[in-house]
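Report on one structure; see the data block that follows.
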Amino acid sequence: MDRFEAMRTLLAAIDGGSLSAASRSLGVPLPTVSRRVSDLEAHLRAQLVVRTSRKLLLTEAGEAYVAACRRVLDELDAAERAATGEYRTPRGDMLITAPILFGRMHVEPVVLDFLKAYPEINVRLALSDHVLDLVETHVDLAVRIGPLPDSRLKATRLGAVRWVTCASPAYLAARGAPQSLEALAGHDCIAFDRLSAGAVWLFRGDRKGGKAGQSETIAVPIRPRFAVDTADGAIDAALAGAGIARILSYQAATALADGRLVVVLEGAQPEPLPVHLVHLGQAIMPLKMRAFAEFATPRLRACLAHPPGA
């Protein structure tokens, strides 16, 4: 039994959810996949997976073993990359992820310039407004907006973006601009589901009876007449006069600069959100990743310091 081959087969089955998925991803017959997993269990004298009609479930022993397999195979892959020169010359493939609109506006142009400078590197850019797990999805580098709860990540701060609450001039002419947070209850609002967390928006305001300059987070219920799961959709709805939207500054920069959207409640916006370039912090960072970080960091910092229309 080739133990490394068996370990890779087990991981392919777990990541794909079934032996059939592993068979397809590895390009080997299903009986071969099944035999490799069974041989591995026999070698370990332990049951690693429970086969159900719908998916594979890891046993307690299987969970510990799969975690160890990932570490071992990652180290083996790193050793092989080092032997082939990846740690001496920037080359190879990279997967980078970023939020959809930020990625289209800022990250993709930087990546395209990077590819011209480093002809031996290939980049796949995955744009998603959902946070991808860097380990499970094999992401090399990610642009993250907001706090970083994952302590495993090594982060380089690029800047910050702020929330803006805005609407079209036509909507404000018809309904008036809200003069207080309480007034939002009487307005049509556009909910951006991923970031607005339902029907509550968070603002900052002075504490009643507090010292001058003190503020606290205020949760304001809103009435979402329209909800959408992308920033583009929220901006389009606001431009169409559907109501008041709360979106991030870079998302609305062009529309605000040319007057198609107008900021309301500007003094009550919450604290800016940090923007970082993150990776898992390997013991030896491949040159391709280091090259991109050094290339992209000053350019993305400049984009955040001088957004479109600023």
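Each value in this text was obtained by applying a stated rule to the coordinates, not by laboratory testing. Computed from a predicted structure; not experimentally measured. For neighbour counting, all protein chains shown are included, and Cβ atoms are generated from backbone atoms with ideal geometry for every residue, glycine included.
General observations
- Share, in percent, of DSSP beta bridges within the chain that are antiparallel, nearest 5: 65
- Charged side chains reduced to their Cβ positions (Lys and Arg at +1, Asp and Glu at -1) give the stretch 3-83 a dipole of some 300 debye around its Cα centre.
- Each Cα pair under 8 Å and six or more residues apart adds its sequence gap; the mean of these over the residue count of the chain is a relative contact order of 21 percent.
- Leading residue at positive end of dipole, the chain (Cβ point charges), from Leu202, Ser128, Ala46: Leu202
- Residues whose amide H falls under 5 Å from that of Trp201, counting only those 5 or more places apart or on a different chain, are Val220, Ile222, with hydrogens built in the peptide plane.
- Amide H contacts under 5 Å for Thr59: Val49, Val50, restricted to partners 5 or more places along the chain or on a different chain, H placed in the peptide plane at 1.01 Å from N.
- Using the Karplus relation 6.51 cos²θ - 1.76 cosθ + 1.60 with θ = phi - 60°, the per-residue 3J(HN,Hα) values for the stretch 168-184 come to 7, x, 5, 5, 5, 5, 7, 10, x, 8, x, 9, 8, 5, 4, 5, 4 Hz, with x marking Gly and Pro.
- Loop exposure criterion: trypsin sites (Lys or Arg not before Pro), DSSP state outside H, G, I, E and B, at most 11 other Cβ atoms within 10 Å. Applied to the chain, the longest stretch between such sites is 212-310.
- Ratio of the Cα radius of gyration of the chain to 2.2 N^0.38 Å, where N counts its residues: 1.26
- For the chain, no complete DSSP H run has alpha carbons reaching 24 Å or more along its own long axis together with a mean Kyte-Doolittle score of 1.6 or higher.
- For the chain, with +1 on Lys and Arg beta carbons and -1 on Asp and Glu, the positive-most of Thr59, Val111, Ala240 along the dipole: Ala240
- Whether the stretch 1-73 is rounded, prolate or oblate, judged on the alpha carbon gyration tensor where a/c under 1.5 counts as rounded: rounded
- Relative contact order computed over the stretch 3-83 (Cα-Cα under 8 Å; 6+ residues apart), in percent: 27
- Unit charges on C-beta of K, R, D, E only; dipole of the chain, Debye: 220
- Around the amide H of Leu95, modelled in the peptide plane, lie the amide H atoms of Arg124, Asp140, Leu141, all under 5 Å away and 5 or more residues distant in sequence or on another chain.
- Three-way shape call for the stretch 163-268 based on the alpha-carbon gyration tensor, with the a/c threshold at 1.5: prolate
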